[in-house]
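The values are calculated or read from the model by the stated rules, or taken from the named source; none is laboratory data. Bear in mind the structure is a predicted one, so any value in this text is a computation, not a measurement. Neighbour counts run over all protein chains shown; Cβ positions are idealised from the backbone, glycine included.
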Amino acid sequence: MAGDEFVHHYYSDAVGWLELRVSDQGVRAVSFVKPPTQPMTSTQHPLMWQLITELDEYFSNKSATFSVPLDPASGTTFQRRVWEQLTLIPYGQTCSYADIAKKVGNPRACRAVGSANKNNPIAILIPCHRVIRADGSLGGYSSGIGIKKTLLHLEGAGLPTAEA
């Protein structure tokens, strides 16, 4: 069960601004946002420090993995199964919505997988940007296709020439 939210922080990276939220149990949310109008908040919580450090390493290509625990604030049982599968997609690789649907035991649930991706509260750490259409095209991304392309390029994922 999700823990109480403890720390809220804004973080600027190569693709814009991220709003970070952690609880005592782990990361609750990483969301793309417009530049904040309020000041940064405290980063004294050890999980916030770990999250910021791991994001810094990810965006500087020093690390391809995240070890900070996750504590999504929402999600149905199906969405959580999808999100768990997304964390298994290797850095720099992609898979299709159909692949994920098969892995969660419902091969006809491609649209539901897309919906779970759209509702993913922890961008980047739960890498929904690595999911593409079966034909190899990028598909959608709730924060914008440009951000999806940037993240895939950062990871060195091969993109179709029509999408690059």
- Query: When the stretch 1-50 is examined, which residues are found to be modelled with pLDDT under 80 and under 23 Å from Gly75 (Cα atoms)?
  - Reply: Met1, Ala2, Gly3, Asp4, Glu5, Phe6, Val7, His8
- Task: Considering every residue within the stretch 85-94, establish whether at least one is modelled with pLDDT of 95 or more and either out of contact with any Lys or Arg (no Cβ under 9 Å at 6 or more places or on another chain) or assigned by TED's automatic domain parsing to the domain that holds Gly26 (or both).
- Result: yes
- Task: Restrict the check to the stretch 80-87 and report whether at least one residue is within 24 Å of Glu155 (Cα to Cα), among the hydroxyl-bearing types (Ser, Thr, Tyr) and more than 13 Å from the chain's Cα centre (by Cα).
- Result: no
- Can you find a residue in the stretch 104-117 that is surrounded by 13 or more Cβ atoms within 10 Å (Cβ to Cβ) and either closer than 21 Å to Gly16 by Cα or at pLDDT below 90 (or both)? yes
- Within the stretch 122-157, work out how many residues are over 20 Å from Phe59 (Cβ atoms) and part of a loop (DSSP other than H, G, I, E, B). 8
